[in-house]
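Laboratory data are not the source of any read-out in this text; all were calculated from the coordinates shown. Just so we're clear, the structure is a prediction, and the values are computed from it rather than from any experiment. Virtual Cβ from ideal backbone geometry, glycine too; neighbours counted across all protein chains shown.
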Amino acid sequence: MSQPGRGAGEPRPLLVSLAVTAGAVVILQLLTFWYAMRTRAHVIMDTVWPLGFVMIAAVSFGLSAGQGDLTRRTLALGLTAVWGLRLAGYVFARNYGTGESARYASLLRRNRGSLAAFVLRYIYARQGRIMWLVSLPVQVAMYERGPVGAVTWAGVAVWAAGFCFETVGDAQLRRFRSDPGNAGRVLDRGLWRYTRHPSYFGDAVLWFGLWLLACSHWLGLLTVVSPLYLTNMLVRHTGKRLLEKHMARSKGGAYADYVRRTSGFLPRPPRPGTSAP
C-alpha cells in the first residue's frame, strides 16, 4: 500500500473534483426531473441511475489527468462504464412501453402536497445523494498515484465476478419473462435457485471490487462506507424489501414457497421444498 502523501497526491485537486461531480449530479437529476414531470413517468430514473455513475467516472477521469496513475484511472472509468452502460440498456429495454413502475406508483400515492416538491425530494435528490456517495471509491481511485498492484487486480477480479453474476441473472430473468408459459410462475432456476436476488448480489459484489481499486492508499480504504451503504440499501430498503412486497402480492403462495427455500441475498444451496416443474 502506498504511503500517505505519496499515493494520493495533494488533496485540493480531489476536493475540487468531488465538488464538480456533485454539481454534475445535481444538473443530471434536475434534467431527469424535468423530463419525468413532462412525461409523467418517473421510472426513467431507473435508466438514468447507472448512467449517472458513468458520468461521474468520466468527469473524474477528465479532471484527474496528470494527477493519478493512468492505468488505475482507465480501469476505474472502463469498469464503471461497462457496468453502467450494460445496466442502463437492460433497464431501458425492460421498462420501455410499460408505463410507470409499481415501485414509483406506490411512492407517489404517499404524496399529500405538491407533486413536484415531493418527487424532487424523495426521488431525485435522494437518489442523487446516494449516487454520489456510492461512487466515492471510483472518484478517489482516479487520484491515487501509487503503481497498480495486487490489490488493484484483485479488485478487477471481484468486479468481474459480480458483473458476471448480475449479467447472467438478468439474462435468465429476461428469458423467463419472455416465455408466455411462465405467466404466474416464479423463476427458481439458474442463479435464481441459489438467491432470490442475483442481480442485487452481483451489484453489491462488483462495487466492492471497484472499492478495491481505491485501496492503494489509506484514503481509499475509508470509502468502504460506499459499498457497505449500497449493500444495506439493496438488502434492507429500496431494493430487496420493496421488490419482495410486490412479488408477494402478485405471485401469492408460489412466491411464499420460493422464499421459504431460497436464500434472500447470499447464494447458497436451496432448502428442501417444492420447486416449479
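Descriptive notes on the structure:
- Descending by average beta-carbon neighbour count within 10 Å, the peptides 61-67, 171-177 line up as 61-67, 171-177, the highest first.
- Placing pseudo-labels 7 Å out from each Cα toward the beta carbon at residue 256 and residue 129 gives an inter-label distance of 3.7 nm.
- Degrees between helix 150-178 axis and first principal axis of the chain (Cα, 0 to 90, nearest 10): 20 degrees
- For region 187-235 and region 24-93, distance of Cα centres in Å: 18 Å
- Ranking of 49, 207, 34 by count of other Cβ atoms within 10 Å, fewest first: 34, 49, 207
- Put in order of Cβ neighbour count within 10 Å, fewest first, the listed residues 151, 59 become 151, 59.
- Sparse-neighbourhood loop sites, trypsin sites (Lys or Arg not before Pro) in region 1-108 - DSSP loop, at most 11 other Cβ within 10 angstrom: 6, 40
- Rough spin-label spacing in nm, given labels placed 7 Å along Cα→Cβ, for residue 70 and residue 183: 5.7 nm
- Crossing angle, helix 198-213 versus the chain [Cα axis fit, 0-90 degrees, rounded to tens]: 10 degrees
- Cα gyration tensor, the chain - rounded (a/c under 1.5), prolate or oblate: oblate
- Hypothetical label at residue 222: residues of region 106-141 whose amide nitrogen lies under 18 Å (7 Å Cα-Cβ projection): 132-141
- Per-residue 3J(HN,Hα) values for region 68-82, derived from phi via the Karplus relation 6.51 cos²θ - 1.76 cosθ + 1.60 with θ = phi - 60°, read x, 5, 5, 4, 5, 4, 5, 4, 4, 5, x, 5, 5, 5, 4 Hz in sequence order (x marks Gly and Pro).
- Its relative contact order, with pairs defined as Cα atoms under 8 Å and 6+ residues apart, puts the chain at 23 percent.
- Paramagnetic label zone (point 7 Å from Cα along Cα-to-C-beta, residue 34; backbone N under 18 Å) in region 110-134: 116-117, 119-121, 124-125, 128
- Over the chain: helical MRE at 222 nm, DSSP H runs n ≥ 4 each giving -39500 (n - 2.57), nearest 500: -21500 deg cm²/dmol
- Taking a ≥ b ≥ c as the square roots of the eigenvalues of the Cα gyration tensor, region 179-227 is prolate, since a/c reaches 1.5 or more and a/b is larger than b/c.
- Going from the residue with the fewest nearby Cβ atoms within 10 Å to the one with the most, 55, 142 rank 55, 142.
- In nm, spacing of pseudo-spin labels at residue 245 and residue 154 (7 Å Cα→C-beta vector): 3.9 nm
- Residues of region 182-205 with an amide N closer than 19 Å to a point placed 7 Å from the Cα of residue 106 along the Cα-to-Cβ direction: 184-187, 196-201.
- You can think of it this way: the chain between residue 175 and residue 194 has 5.1 nm of extra reach, that is 0.36 nm per residue less the Cα-Cα gap.
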